[in-house]
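Single-structure report; data block below.
The values are calculated or read from the model by the stated rules, or taken from the named source; none is laboratory data. No experiment lies behind these values; they were computed from the predicted model shown. Every residue, glycine as well, gets a Cβ built from its backbone with ideal geometry; the counts of neighbours run over all protein chains shown.
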Amino acid sequence: MAALPGPWISIEVIEHTDRVEVHRVTDERVVAVSASVDRDADVRFRDEVRALDAALAGPGHLPIVGVSVEGARVIARPAVRAASFRERRSLLDALSFLEPVAAVLSVAHARGVGHGALSPQRIGLVAGQTVVIDLVIAATLGLPRTPAYSAPEQLDERPTVAARADVYALALLFLAAVSGRSPWTDERELYVRALDRQRRPSLAALDVAAAPEIDRVLERALAVDAELRFASASALWAELRSAVLAAPGTEPEPPRPRVLEPIVEPRTRPPSAQPSIVIGASVLLISAAFGIEALVRALRRPAPPTPSLVASAAPPPAPPPSPAPVEAPSAPPPARPPDMVAAGESLLVDRTEVTVKSYRACVEAGACKETHKRASGWSESDPVRKEWLCNYHRPGRDDHPINCISLPQAIAYCTFAGKRVPTGAEWTRAARGDDTRKYPWGDLPPRCKEVGFARYGPDNPGCNKQPVGTQPADAHPKTASFYGAVDMGGSLWEWTTDVSARGLPVMRGGAWDCSETGVTIESRLEQSPTNADITLGFRCVK
């Protein structure tokens, strides 16, 4: 299809009827329009827009539709509500708030597409989720920039790499989301400060208390010299999320969550990585001649495989970061207990969940913190709940898996052990291998004496004669996965670095109080990263 005649017009659909009442946005001016739409005209144009919308679908994308208004071809989008950057958020809330924006940019950068004009005015809210407004307009013609969120090279009118300019703007958006105000407190000196290598925006400058590791990530993202920044939004967000989650927690432990029926996905062989198919915005200096057809072609080009936003996240500098995964030797090298098994040619995984004994060694070395003594649901008057005590503080439990573990605690231990918390794809591979089994041990349903599940609760009467809580880490040899890792179904939910659409970490494997559905390979549980319940544990990979 040829380029659109004239500039593309973004219109905000107010009502879908035979006549579409819209607000037309042209050169930042809003003009009310009521125009009739010929629904049979320009079928090819609408098909192209429909294909483009399908390619963009995912978190952070605002749906689009092709229509005709007053004889012009236009791309319409739903009405959106402006996202607020005038309220202070916690670091975790800011991560969740901007997660869809980071996802949009991550996939866009992997495909060689960038926005170049990000600012709070380009971020909207739909059903409580952040979206980037007018991506197609930006990807075709570019959009006017907001100086306070423009990279130094853009202010200087120097050649710009859109992805690195997006990294700069995304870091500023995070600072604004956390502080509730513009990172540049005095915009009269914007040009001078933006080019001053010694005066970079920071959490400390905005009176936000945070671990220095977080500011170091932002300092790199806001470097004056573009080549010193992260090369993509994915790289920035992985480092930023890792630093925030590993920072010392200041929030109190939330109440023990009710373990809901896990989300069960279709039984298909999962790919090694499954990024959401979404797009960021525009490449600067692209002309209108690019057109929808060319844009669709660009989006359909296979993107290099990318992990989840946090899959490549390295732990913060202190303790020393885990090395990136490397080709594993034919036999696993000596490691701290628990031992590891090879999950394919390039991944090692702990054979058991991390034990109390192993975690205690980390605490004694000063790299980990002790767990809570008991769960928030503990009750001395209840014959079962009075046993809801964390294994770390219970005598004779050194060979049990450590529970009452938050995600930052899991990251700290894996770092201490020279390992890391697995991604969701790595966890799935260690559990399933190369087939389509339902449970880590195969397709046979779990048995009460062989699997740590259904030990408590009115929904789980089948195994309530078995001991409530965890058992020694080697107590269930028949749960061994494809590669020989035990208790990947049942025992404790295990942390991964995957995040849900709501920005919460995703746990895998089920626990001793889960139903049969909860211990399948596909079961998932969202959790606040600071939660440390008695049903939450972990294992590491390398």
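A few points about this structure:
- If the condition is being surrounded by 14 or more Cβ atoms within 10 Å (Cβ to Cβ) and either assigned to a helix (DSSP H, G or I) or modelled with pLDDT of 90 or more (or both), then segment 182-202 contributes LEU190, TYR191, ARG193, ALA194.
- Taken as a whole, segment 409-417 holds at least one residue that is in a loop (DSSP other than H, G, I, E, B), over 15 Å from THR530 (Cβ atoms) and in the same structural domain as PRO467 (by TED's automatic domain parsing).
- Index of the failed condition, LYS478 passing every other in (1) of a type in the set (D, E, K, R); (2) over 29 Å from the mean Cα position of the chain (by Cα); (3) crowded, with 24+ Cβ neighbours inside 10 Å: (3)
- Residue satisfying condition, being loosely packed, with under 14 Cβ neighbours inside 10 Å and either at pLDDT 90 or above or not in a helix (DSSP H, G or I) (or both), within set ALA177, ALA205, ALA169, ALA209: ALA209
- In segment 398-423, residue surrounded by the most Cβ atoms within 10 Å (Cβ to Cβ) [restricted to those that are within 19 Å of VAL349 (Cβ to Cβ) and of a type in the set (Ser, Thr, Tyr)]: TYR413
- Given (1) under 25 Å from the mean Cα position of the chain (by Cα); (2) of a type outside the set (Gly, Ala, Ser); (3) modelled with pLDDT under 95; (4) assigned to a loop (DSSP other than H, G, I, E, B), index of the condition MET488 fails: (3)
- Some residue of segment 74-95 being in a loop (DSSP other than H, G, I, E, B), within 20 Å of the chain's Cα centre (by Cα), of a type in the set (S, T, N, Q) and at pLDDT 85 or above: yes
- Per-region count, segment 334-353, residues at pLDDT 90 or above and among the hydroxyl-bearing types (Ser, Thr, Tyr): 1
- Among the residues of segment 96-126, the one identified as among the basic types (Lys, Arg) and either modelled with pLDDT under 85 or in the same structural domain as SER500 (by TED's automatic domain parsing) (or both) is ARG111.
- Checking each residue in segment 212-234 for being in contact with a helix residue (DSSP H, G or I) (Cβ under 8 Å, 6 or more places away or on another chain) and assigned to a helix (DSSP H, G or I) picks out GLU213, ILE214, ARG216, VAL217, LEU218, ARG220, ALA221, ALA226, GLU227, LEU228, ALA233, SER234.
- Output for segment 418-435, where each listed residue is in contact with a Ser or Thr (Cβ under 8 Å, 6 or more places away or on another chain) and part of a loop (DSSP other than H, G, I, E, B): GLY418, LYS419, VAL421, PRO422, THR423, GLY433
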